[in-house]
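Here is the structure we will look at.
The values are calculated or read from the model by the stated rules, or taken from the named source; none is laboratory data. Since the model is a prediction, treat every value here as computed from it, not as a measurement. So basically every Cβ, Gly included, is an ideal-geometry build from the backbone, and we count neighbours across all protein chains shown. Ligands, DNA and RNA are excluded from the accessible area calculation, which covers all protein heavy atoms including side chains. Shrake-Rupley method; radii C 1.70, N 1.55, O 1.52, S 1.80 Å.
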Protein chains: 2
Amino acid sequence: MLEHGGNLNDAVIRYGIARADWLDLSTGINPAAYPAPVLKADAWHRLPESDATLVDAACAYYGASHMLPVAGTQAAIQALPQLRRRDHGAARVVVAAPAYAEHAHRWTQAGHAVREVAYDDLPAALESCDVMVVCNPNNPTGARVAPDILLAWAEALAARGGWLVVDEAFGDTTPQLSVASYSHTGDGGRPGLIVLRSVGKFFGLAGVRLGFVAAGGTLLPALQEWLGPWSVSGPAQQIGVAALKDVAWQEATRVTLLAQGKRLQDLLATCGIPASGSAMYQWWPEPDAVGFHDWMAQQGIWVRLFTRGAVGIRLGLPADEAAWVRLQNALQGWCEQRSYAERVA
Amino acid sequence: MLEHGGNLNDAVIRYGIARADWLDLSTGINPAAYPAPVLKADAWHRLPESDATLVDAACAYYGASHMLPVAGTQAAIQALPQLRRRDHGAARVVVAAPAYAEHAHRWTQAGHAVREVAYDDLPAALESCDVMVVCNPNNPTGARVAPDILLAWAEALAARGGWLVVDEAFGDTTPQLSVASYSHTGDGGRPGLIVLRSVGKFFGLAGVRLGFVAAGGTLLPALQEWLGPWSVSGPAQQIGVAALKDVAWQEATRVTLLAQGKRLQDLLATCGIPASGSAMYQWWPEPDAVGFHDWMAQQGIWVRLFTRGAVGIRLGLPADEAAWVRLQNALQGWCEQRSYAERVA
């Protein structure tokens, strides 16, 4: 099992600091979660039935015409390599890197020939692959690919039966980058363009386990059959409908998160740390990533350490002013101790 | 996608009866659900972390030494054929039949050679298979296999690297049948014995999506890796811990459900219907199953019609006295209309 952020139990065990005393910045999840509505009385009791309301709300919010709810995008990330293998055999897969590590891991596990390719080198790699996977914007580096480029790649891949998988899990604050609306194979759509969206990050509802896949052709029915009945819980459906339809909350949250992401980037800059990322996280290739991670942990701040791929540090957003101050103090302590600004100058 | 019970949306569309007016007896789920505890404030917000408390509670309740939580036994039913295929190639699989149809469906889909074999013919089929799947007690027929027989089969299969998969999803009211405690490969355990348990049925928490797999050797780590991170939601974990530790509720519920199952069987007998099943459902090979299903639906009672496999009707337990009366009246109407008792005499 790959390591991921949000593993606060590990932090508690390793540093002997009580769970309640941690400031957890190890994920890129909105700390101000959408307030879950009161559930229907039978939400826990009944088998979940598929709900057109949920799909309609998702299509409206994400701008796609055909979507399938899944129990978190992770479920789709695991299923797509299996489906591809079953229906088309082993593929040559290019995964944009460094990125969310589960993509390369799952394509490799399913028996495909996987190459991890830097974002800048993707155009040159297009010709020699059947499937390309791009996180846009990327987690954790924040790398971006313009939609028109993605659509051209999707067309080139589709022409030879290939797929372009675009993981827009962190795309809610950059809607101008989304290609979800081109994922259907109807008028103007691109066959073989598969877009992944996540409810967990922007809505701060990672515990709900809800995401969506936008795609055309027979892919969504095949994916639904693969994932089986009742894969998305009833409570997840109810909460998802409320969150996806609350346009006022979405608009206000987008503004807030963009401002907070800027604030985090600026705070890091004052410590001489040039970071990149998206609204909900900032990342940099910290030369002493292990030391930084340990320094912060000793002060009860749990950050995400990457020791492979995007080697470095990722910070999520503090939840409130006290948390911002705590982070700022810890960062200043780090700078002073290591004379960080001078060292990188 | 196979059809399953609990599909009340289909009933609403097909019969034009409002959802609230239906008496849904189409599943075998305890109608008196365990009361879900109040969730922690961050249950919907945080990524779910794996929780030793949950596994400990499950091991204590089910009597197994090693268990893995899954998002409903359906998740394991889908994953096991894939894991078997990946690690051992295509197998000769015997699925006890008629039974819960997803077993045969998923083993077939994964490319194994599947034979559906009647419960009585399982002993003769043992020699010619690598994997055997038995629901015990069976859904919907109520067929049972004694634990010592299952353990002998597990040993015979294990001797040649085979698996015995025992689906005890409806086993909570017949703990004397369970082989979960033999599933570990340590002292006295049986390698290759895999036991599935469900929280949804007995605890009436089908919306939670929680089940467990008991097994030894490397199977549980392999299954965990296959199912990926965060497959069981945080709320499911919290509710599961509470339900699995509440021994007083479990004991009272076992008594109640056994009595209600007997009551349902007796009620059907008064209509001349000889039914079998387990505490939470009764089934019979109704000769006019389509007619019976339609008759009940016209009165707003949604029952489970099987048109293949266990061709016939399954009824779940009414939730309260009013529901019992409603069912009784509908059954009597059916008997009178069809002179059922005379016809089958």
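Selection of strands (runs of 3 or more DSSP E) fully inside region A:68-183 by the criterion of at least 1 residues being open to solvent by 20 Å² or more (accessible area, probe 1.4 Å) and in contact with a helix residue (DSSP H, G or I) (Cβ under 8 Å, 6 or more places away or on another chain) returns A:92-97, A:113-118, A:163-167. Per the conditions (1) in contact with a His (Cβ under 7 Å, 6 or more places away or on another chain); (2) at pLDDT 95 or above; (3) more than 10 Å from every other protein chain (Cβ to nearest Cβ), the sole criterion not satisfied by residue A:17 is (1). Between B:191, B:221, the distinction of being closer than 24 Å to residue B:133 by Cβ, within 14 Å of another protein chain (Cβ to nearest Cβ) and modelled with pLDDT under 95 belongs to B:221 only. Checking each residue in region B:20-64 for being under 24 Å from residue B:236 (Cα atoms), among the aromatic types (Phe, Trp, Tyr), more than 8 Å from chain A (Cβ to nearest Cβ) and part of a loop (DSSP other than H, G, I, E, B) picks out only B:34.
Give region B:1-43 a look and list any residue that's surrounded by 13 or more Cβ atoms within 10 Å (Cβ to Cβ) and among the β-branched types (Val, Ile, Thr), or say none. Result: B:12, B:17, B:27, B:29. Tell me, yes or no, whether region A:44-53 has at least one residue that is surrounded by 21 or more Cβ atoms within 10 Å (Cβ to Cβ) and closer than 29 Å to residue A:279 by Cβ. No, because not a single residue in region A:44-53 is surrounded by 21 or more Cβ atoms within 10 Å (Cβ to Cβ) and closer than 29 Å to residue A:279 by Cβ. If you go through region B:12-43 and keep only what is closer than 16 Å to residue A:48 by Cβ and in contact (Cβ under 8 Å) with a residue 40 or more places away in the chain, you end up with B:24, B:26, B:27, B:29, B:33, B:36.
To keep it simple, each residue is scored yes or no on (1) touching a Phe, Trp or Tyr at 6+ places or on another chain (Cβ under 7 Å); (2) assigned to a loop (DSSP other than H, G, I, E, B); (3) closer than 30 Å to residue A:100 by Cα; (4) open to solvent by 40 Å² or more (accessible area, probe 1.4 Å).
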| position | (1), (2), (3), (4) |
| --- | --- |
| B:216 | no, yes, no, no |
| B:223 | no, no, yes, no |
| B:237 | no, no, yes, no |
| B:241 | no, no, no, no |
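Does region B:269-278 contain any residue that is away from chain A (no Cβ under 14 Å), of a type in the set (S, T, N, Q) and open to solvent by 10 Å² or more (accessible area, probe 1.4 Å)? Scanning region B:269-278 turns up at least one residue that is away from chain A (no Cβ under 14 Å), of a type in the set (S, T, N, Q) and open to solvent by 10 Å² or more (accessible area, probe 1.4 Å). For residue B:10, the requirement of being part of a loop (DSSP other than H, G, I, E, B), at the interface with chain A (Cβ under 9 Å from one of its Cβ atoms) and acidic (Asp, Glu) is not met. Scanning region A:283-310 for residues that are touching a helix residue (DSSP H, G or I) at 6+ places or on another chain (Cβ under 6 Å) and either within 27 Å of residue A:203 (Cβ to Cβ) or open to solvent by 10 Å² or more (accessible area, probe 1.4 Å) (or both) yields A:295, A:296, A:299, A:300, A:301, A:302, A:303, A:305.
Looking only at residues in region A:160-215 that are among the polar types (S, T, N, Q) and free of Cβ contacts under 8 Å to residues at least 60 places away in the same chain, the one that is nearest to residue A:71 (Cα to Cα) is A:185.
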